[in-house]
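**Student:** This is the structure I want to talk about, given as structure tokens.
The values are calculated or read from the model by the stated rules, or taken from the named source; none is laboratory data. Keep in mind the model is a prediction, meaning the values are calculated, not measured. Ideal geometry is used to build each Cβ from the backbone, glycine not excepted, and the neighbour counts take in all protein chains shown. Surface areas here come from the heavy atoms of the whole protein model, side chains and all, with no ligands, DNA or RNA. Shrake-Rupley method; radii C 1.70, N 1.55, O 1.52, S 1.80 Å.
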Amino acid sequence: MRHVADIPHPSVKITLLAWNGKFLLKLEQGNLEQTYKVAELDLSTGTDAEVRELLDEEFLAAAIARFAAMRADLQAAFDRHELR
């Protein structure tokens, strides 16, 4: 796996990786992580610049909202099992 770039964002750590004919967009917030795999063949030029275009305001807002839902789901599981 090759590290391509760290992409700055105020509330999410974004790492762009390349591996096995795919780009991986790894988004992290606290102890949660989302990874999106994008095949180079799905891009017109197959470059990381195209993958960066996916990180528009709408995509990132949805991903950040998903982190909130993930956090709530995890907390609900802890609560059901009285682990915290």
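**Student:** If each of Glu57 and Ser11 carries a label point 7 Å out from its Cα toward its Cβ, how far apart are those two points in nm?
**Tutor:** Modelled inter-label distance: 1.4 nm.
**Student:** In Å², what does the accessible area per residue of the chain work out to with a 1.4 Å probe?
**Tutor:** 68 Å²
**Student:** To continue, here is another question. Helix 57-80: angle to the longest alpha-carbon principal axis of the chain, degrees 0 to 90, nearest 10?
**Tutor:** 30 degrees
**Student:** Tell me the carbon and sulfur percent of the accessible area for the chain, rounded to whole percent, probe radius 1.4 Å.
**Tutor:** Its accessible area is 53 percent carbon and sulfur atoms.
**Student:** Which whole-number percent gives the relative contact order of the chain, counting Cα pairs below 8 Å spaced six or more residues apart?
**Tutor:** 17 percent
**Student:** Along each of its three principal axes, how wide is the spread of alpha-carbon positions in the stretch 8-75, in whole angstrom units, largest first?
**Tutor:** Dimensions of the stretch 8-75 along the principal axes of its Cα atoms: 41, 24, 18 Å.
**Student:** Keeping all protein chains in the complex and leaving out DNA, RNA and ligands, what accessible area do you get for Thr45 with a 1.4 Å probe, in Å² to the nearest 10?
**Tutor:** Here the accessible area works out near 90 Å².
**Student:** Sorted by accessible area with a 1.4 angstrom probe, largest first, how do Leu32, Leu41 fall?
**Tutor:** Result, largest first: Leu41, Leu32.
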